[in-house]
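K.L.:
Have a look at this one.
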Amino acid sequence: MMGDLYLWVKAGHVISVIAWMAGLFYLPRLYVYHAEKRAEVPEMLPVLEVMERRLLKAIMNPAMIATWVFGLWLVGLGVVDWTMIWPWVKAAAVLAMTWFHMWCAGQRKALVAGDGLTGRRYRMMNEVPTLLLLVIVVSVVVKPL
């Protein structure tokens, strides 16, 4: 019974991580378009704002919450050896990913208010989830430390 529960919780965790990452990759790209087309094509802004809001509220927020719930559930099942370094590295990277998610939410509000960063800055920030994903996956799969 415990083996089946573990597999279902792990599957839920992987599915929610994939959904969360998809949003974290796409939302900053929408911000690039928003920042760069603001003056050129102002009629695009309402469409971009709806896309950004729906992506964040309907996909990313629930996926992040599910990722945390399933991840903490896995920890509660006792599948993590906290005497090793890799779970601590992963935990730090997940906290950083959560911070990035919150930063994205704040940037959505800034863009709606007519502020925000340049398209170039959003392109640079779009690399953050990729770097964190590399740290997380290598930590969990390879366990190099």
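K.L.:
Does any residue of segment 31-52 turn out to be in contact with a Phe, Trp or Tyr (Cβ under 7 Å, 6 or more places away or on another chain) and more than 20 Å from Thr118 (Cα to Cα)?
P.N.:
no
K.L.:
Could you say whether any residue in segment 39-46 is part of a helix (DSSP H, G or I), more than 20 Å from Phe100 (Cα to Cα) and acidic (Asp, Glu)?
P.N.:
Within segment 39-46 (the criterion being part of a helix (DSSP H, G or I), more than 20 Å from Phe100 (Cα to Cα) and acidic (Asp, Glu)), the answer is yes, since at least one residue qualifies.
K.L.:
Quick one: Arg54 ticks every box in (1) within 17 Å of Tyr26 (Cβ to Cβ); (2) without any contact (Cβ under 8 Å) to a residue 40 or more places away in the chain; (3) surrounded by 15 or more Cβ atoms within 10 Å (Cβ to Cβ) bar one, so which box is it?
P.N.:
Single failed check for Arg54: (3).
K.L.:
Quick one: is Trp73 among the aromatic types (Phe, Trp, Tyr), in a helix (DSSP H, G or I), out of contact with any Ser or Thr (no Cβ under 9 Å at 6 or more places or on another chain) and without any contact (Cβ under 8 Å) to a residue 24 or more places away in the chain?
P.N.:
no
K.L.:
Okay, next question. Every residue in segment 8-32 that is over 19 Å from Lys57 (Cα atoms) and either of a type in the set (Lys, Arg) or modelled with pLDDT under 95 (or both), please.
P.N.:
Within segment 8-32, just Lys10 meets the criteria.
The values are calculated or read from the model by the stated rules, or taken from the named source; none is laboratory data. For clarity, every value in this text was computed on a predicted model and none was experimentally measured. Note that each Cβ is placed from the backbone with ideal geometry, even for glycine, and that neighbours are counted across all protein chains shown.
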